[in-house]
Protein chains: 2
Amino acid sequence: MGTTQADPVQEPKYWHLKTVLTEALDSEFSVGEILPNERDLAARFGVARATLRQALEQLELEGRLQRRRGVGTTVAPPRVGVAVGSERHLWPGAAGDAWQPADCTSAVPPAAVADLLQTARDERVHTVRRSRVTHGQPVAAELLYIPASSVPDLSAIDAPSGTARARAVLRELQRADLEDQDQAVELGSASAEDAKELDRLPGAPVLVVTTRYHAGGRTAAVSVATYRADTCRLTFGASGRVEIHHDPERRAS
Amino acid sequence: MGTTQADPVQEPKYWHLKTVLTEALDSEFSVGEILPNERDLAARFGVARATLRQALEQLELEGRLQRRRGVGTTVAPPRVGVAVGSERHLWPGAAGDAWQPADCTSAVPPAAVADLLQTARDERVHTVRRSRVTHGQPVAAELLYIPASSVPDLSAIDAPSGTARARAVLRELQRADLEDQDQAVELGSASAEDAKELDRLPGAPVLVVTTRYHAGGRTAAVSVATYRADTCRLTFGASGRVEIHHDPERRAS
DNA sequence: GAGTGGTCTAGACCACGCA
DNA sequence: GCGTGGTCTAGACCACTCC
């Protein structure tokens, strides 16, 4: 009855690698430092490159590493805390918000958004693109969906598209009374378009924040914002910011 | 102006595969249905199994698929909306919350948590494990860190560990005035321990929600909750729930 | 034991950033 | 042009679930 076995419980190699690398990152590397390339690292650990990459991918997902094609792998700084839920009762585009309007067009929203807006599935709405930058780095790309009925007085004289129109639409939106807003966060992967704005490859993991703005008893606007999951920590309802930590991996001893 | 490009712009195979599969899922499959196995699918699409897997991994990440070793790949139901930020001004363990206490021990918290708690890095605190179940499925595992000073009247007579003690600690916590709470969400990967509770493999993507509870001008407790990223959509501050949609991938036309 | 997804290998070529 | 990470292949074996 030998349960005595020291049981090398078949921990996958890439998992063990991840542990080893994590410890090395904690003790022997400093932020911004570049790691040896993948081929060298794989050789050093005696594994195939694909296996090493599996470990690196997880570490990048956890925000410990940053990899760039043609450049190399570097040690990532701690995640940035990004306030997402603190400006309650504020319209998008309110003075001093962190977003920069980029463009405005008109389009039929995805069915899911049309349902949130309670518009017909083939109804065109204003779409405003905005981007959010922190510490000089792009952290989020947003698409705002605003039914024409939410900005009834939008002047036809304003520019038909572009940044100017984006500002005009947001300005008009401010005139309604914002009653409430609610948000949801889920994991997604960057579309080709978002990826470009976020300086990542398509498919990169993102945190998708969907916000509904309520006014006049209906949903006056919907925002779909995609945040870089590797570099961002979304904060909700905090008063003071605390710049601290990461590594969601390690728990109690 | 030539946006006319037929430009075979070198879209990676796995990306194209993902698109094709997504469309197939939308039109030809229903929730719960099982897909052909990976070897067959790969053959059908004329790619290596590894390439097909890259596409499946992304789809699973986006909550469209569910894969289980030894079983197969099935079409996942839409993500569940899980209320996370609505019970403001409520202590963990308040009557009717969604959590079920599982265990309670005492341990030195990770440095990051000790900093949040403003305790010494080698100070032991109470740690309460809880789990959250929705629709019969486990969706989250939580670790609560509670300094002894937050529950000063905890009777030494209570059970030294186990569910009973967990309840006792939470009960004592209610006696303080909760002044505020703030939360942060970030992407992480499941520890071996969490993975088991969440019925996933270690390393599975999770949304890590860190909550600080403020009372008496200090941080009275810290909660680190890990939610299954594949199945959960975290909702904040909503009044009414709206069960709708997913696919954060598709945006405006 | 049969069939599934999970891990791993040892190669190859490609896209990109930079000098 | 060189070195980097990103994609892809065609195999192999393993861990798991279910019959």
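Here are the numbers for this structure:
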| item | result |
| --- | --- |
| Criterion: of a type in the set (Gly, Ala, Ser) and under 19 Å from residue A:206 (Cβ atoms) - qualifying residue of A:111, A:168, A:98 | A:98 |
| Count of residues meeting criterion [modelled with pLDDT under 90 and polar (S, T, N, Q)] in the range B:212-224 | 0 |
| Residue check for residue B:129: within 13 Å of chain A (Cβ to nearest Cβ), outside any strand (DSSP E or B) and in contact with an Asp or Glu (Cβ under 9 Å, 6 or more places away or on another chain) | no |
| Within the range A:192-211, tally of residues that are at the interface with chain B (Cβ under 9 Å from one of its Cβ atoms), at pLDDT below 95 and at negative phi | 4 |
| Of all residues in the range B:167-188 being within 14 Å of chain A (Cβ to nearest Cβ) and small (Gly, Ala, Ser), the one that is farthest from residue B:223 (Cα to Cα) | B:188 |
| Those residues of the range A:140-168 which are at pLDDT 90 or above and β-branched (Val, Ile, Thr), in sequence order | A:146 |
| Residue A:81 vs. criteria modelled with pLDDT under 95, more than 8 Å from DNA strand C (Cβ to nearest atom), within 11 Å of another protein chain (Cβ to nearest Cβ) and assigned to a strand (DSSP E or B) | yes |
| Helices (runs of 4 or more DSSP H) completely within the range B:9-77 that count 2 or more residues being surrounded by fewer than 16 Cβ atoms within 10 Å (Cβ to Cβ), charged (D, E, K, R) and more than 12 Å from DNA strand D (Cβ to nearest atom) | B:13-28, B:38-45 |
| All positions within the range B:136-151 that are farther than 14 Å from residue B:166 by Cα and free of Cβ contacts under 8 Å to residues at least 60 places away in the same chain | B:136, B:149 |
| Qualifying residue in the range B:136-149 (condition: of a type in the set (Ser, Thr, Tyr) and within 13 Å of chain A (Cβ to nearest Cβ)) | yes |
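The values are calculated or read from the model by the stated rules, or taken from the named source; none is laboratory data. The shown structure was predicted, so the numbers you read here are calculated from the model rather than taken from an experiment. Ideal geometry is used to build each Cβ from the backbone, glycine not excepted, and the neighbour counts take in all protein chains shown.
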